[in-house]
Structures are given as structure tokens and as C-alpha cells.
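Engineer: Before anything else, here's the structure in question.
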Amino acid sequence: VENLKLDQIRDIFAGRVENWSEVGGNPVPVHLINRDPGSGTRSTLVRKVLDGREPPQFTETDCAAMDPKRYGRCEVGSTDTVLDTTASTPGGIGYSEAAGVDGHDAAGSLVKVTIDGKKPTVEGVEDSNYPYWQTEFAYTYGEAPAGSVAAAFLNFLTQQSGRDILRDHGHGLCSEAQNSGECRPV
């Protein structure tokens, strides 16, 4: 399944969809691969996609222990583990930043899900309000002292070479966004 409706995703993450055939896919049990609570990617999913509702608790503490013939949920500690586990688990669904998928999945088994026809790209976020995205911020404790590593890094991020690197890795820039309202810390 490559295109889901937002309500279908909410139902999947709420545990109301236990087989992909219920949303137009093959008759394969859903295996939900979640980040553990407190993760930024999970917090973004809960806030922006799941209407503030946390997914139900895991059914297995070890993703490898999920029964391939039955619906299951597990939690992992990193985005790389979400991607690896989702790619290797029949019926697996997980979440990460879109740029994290690129180059991570050599076998080509990961699919970036289109939500309500909106694509998970920088352009999809900007032009069509793809719902799962987050602004990354760089924080310092007070003003970074001139000549410090922190000041040099922040300067690098805002200069052309740093901006080019961010773009090359699939990240949009707040300074170039037409809708920059969410580019401010909350």
C-alpha cells in the first residue's frame, strides 16, 4: 500500500486495522514498528498525524518475536532500527524523516507513503501540506561566543555550503519556505 488516507493511518496506528487487506493491500497482518516514547519522530507523528493520540502499547518487546501470521506492535530505540525492522518485516509499517529512507534501503523494500495524495517530499510539505514533517532547530545556551565551535557551526548552517548540504540530503530550509510559520520554536 503506497497511498493511504489520513484516517486509515490513524486507524492503523490505533490498532483498528490489523490486516493490510482492510485498506486495499494484500492479506498480510500489519506489524507496527514504533519509536519508543519520547522520540522526536514519534512525538511529531502523534502531534501532526495521530491527532495527539499515542499508539497502543507494544504487543512484543522484541520486534523479531512478532508472529508473522498475526497483527503485532513493537517499539525500537532509533530511526535506523525503525527503517531496518520495517524493511525486513512483512507487513511492517514505521515512520522516519523522508530523507532517512533515501539510501538506507538497498533492497528497495521501503515505500514512502503518500497521504491523501500528498507526497512526502519537501515540495509536498510546502505545496500540499503533507502532514508528517517537523522543523529541526539548532539551540545554544545563550549567544554562541564569537570564534567558538558552536558559532562556526551555526554560521556554516546558514551559509551557502551548509545550505547546499542540507538541500542535497532532502531537507527544506525555513529561509526558503513560502509558509514559514512553523519554522519558529514553540
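The values are calculated or read from the model by the stated rules, or taken from the named source; none is laboratory data. Fair warning: this is a prediction, and the values are worked out from it, not measured in the lab. Glycine also receives a Cβ, built like all others from the backbone with ideal geometry; neighbour counts cover every protein chain displayed. Each accessible area value is taken on the protein alone, full model and side chains, heavy atoms only, with ligands, DNA and RNA left out. Shrake-Rupley method; radii C 1.70, N 1.55, O 1.52, S 1.80 Å.
Engineer: For region 84-161 and region 1-43, compute the distance between their C-alpha centroids and round to whole Å.
Structural biologist: 20 Å
Engineer: Let me ask another. Return the long-range amide H neighbours of THR59 (sequence gap of 5 or more, or a different chain), with a cut-off of under 5 Å between placed amide H atoms.
Structural biologist: Long-range HN contacts for THR59: ARG73, CYS74.
Engineer: Given R₀ = 22 Å, FRET efficiency for GLU22-ASP62 by Cβ-Cβ distance, to 0.05? Don't jump to the answer; show the numbers that get you there.
Structural biologist: On the way: r = 26 Å, r/R0 = 1.17.
E between GLU22 and ASP62, to the nearest 0.05, is 0.30.
Engineer: So which lysines can LYS5 reach, going by Cα to Cα under 22 Å and dropping same-chain residues fewer than 8 places off?
Structural biologist: LYS48, LYS112, LYS118, LYS119
Engineer: Ordered by packing density, taken as the mean number of other Cβ atoms within 10 Å over each peptide's residues, highest first, how do 93-102, 34-43 rank?
Structural biologist: Peptide ranking by packing, descending: 93-102, 34-43.
Engineer: In deg cm²/dmol and to the nearest 500, what is the mean residue ellipticity at 222 nm of the chain if only DSSP H runs of at least 4 residues count, each as -39500 (n - 2.57), divided by the residue total? Can you show the working numbers first?
Structural biologist: On the way: 7 runs with 54 residues, N = 186.
-7500 deg cm²/dmol, from helical runs alone.
Engineer: Once you put a point 7 Å from the Cα of HIS171 and another 7 Å from the Cα of SER88, both along the Cβ direction, what distance in nm separates them?
Structural biologist: Going by the 7 Å Cα→Cβ label model, 2.8 nm.
Engineer: Now, a different point. With the Cα gyration tensor of the chain in hand, give its eigenvalues times 5 under a square root as the equivalent ellipsoid semi-axes, listed largest first in whole angstrom.
Structural biologist: Listed largest to smallest, the semi-axes of the chain are 33, 18, 16 Å.
Engineer: Have a look at region 4-47 and give its Rg and Dmax from the Cα atoms, expressed in angstrom.
Structural biologist: In order Rg, Dmax, the Cα atoms of region 4-47 give 11.5, 32 Å.
Engineer: Using unit Cβ charges (K, R positive; D, E negative) and no other charged atoms, how large, in debye to the nearest 20, is the dipole of region 1-63 about its Cα centre? Working shown, then result.
Structural biologist: Details: 8 positive and 10 negative charges, 67 e Å.
With only Lys, Arg, Asp and Glu charged at Cβ, the dipole is about 320 debye.
Engineer: Let me ask you something else. Counting only protein heavy atoms and using a 1.4 Å probe, what share of the accessible area of the chain belongs to carbon plus sulfur, as a whole percent?
Structural biologist: Details: 5550 of 11180 Å².
Exposed carbon and sulfur together represent 50 percent of the surface.
Engineer: Follow-up. Kindly state, to the nearest 0.05, the FRET efficiency for SER43 paired with LEU6, given R0 = 22 Å and r defined as their beta-carbon distance. Don't jump to the answer; show the numbers that get you there.
Structural biologist: Working: r = 18 Å, r/R0 = 0.81.
The value I calculate is 0.80.
Engineer: About the Cα centre, and with charges only on the beta carbon of Lys, Arg (+1) and Asp, Glu (-1), how big is the dipole of region 75-161? Nearest 20 debye, please. Show your work: numbers first, answer last.
Structural biologist: Values: 3 positive and 12 negative charges, 10 e Å.
For this selection, approximately 40 debye.
Engineer: Between LEU157 and ASP80, how high is the FRET efficiency from 1/(1 + (r/R0)^6) when r is the Cβ-Cβ distance and R₀ = 22 Å? Nearest 0.05. Please report the intermediate quantities before stating the final value.
Structural biologist: Numbers: r = 23 Å, r/R0 = 1.04.
Plugging the Cβ-Cβ distance into 1/(1 + (r/R0)^6) gives 0.45.
Engineer: So, one more: How large is the accessible surface per residue of the chain, computed with a 1.4 Å probe and reported in Å² as a whole number?
Structural biologist: Normalised by residue count, the accessible surface of the chain is 60 Å².
Engineer: How high is the relative contact order of the chain? Use alpha-carbon pairs under 8 Å, at least six apart in sequence, and give a whole percent.
Structural biologist: Relative contact order comes out at 20 percent.
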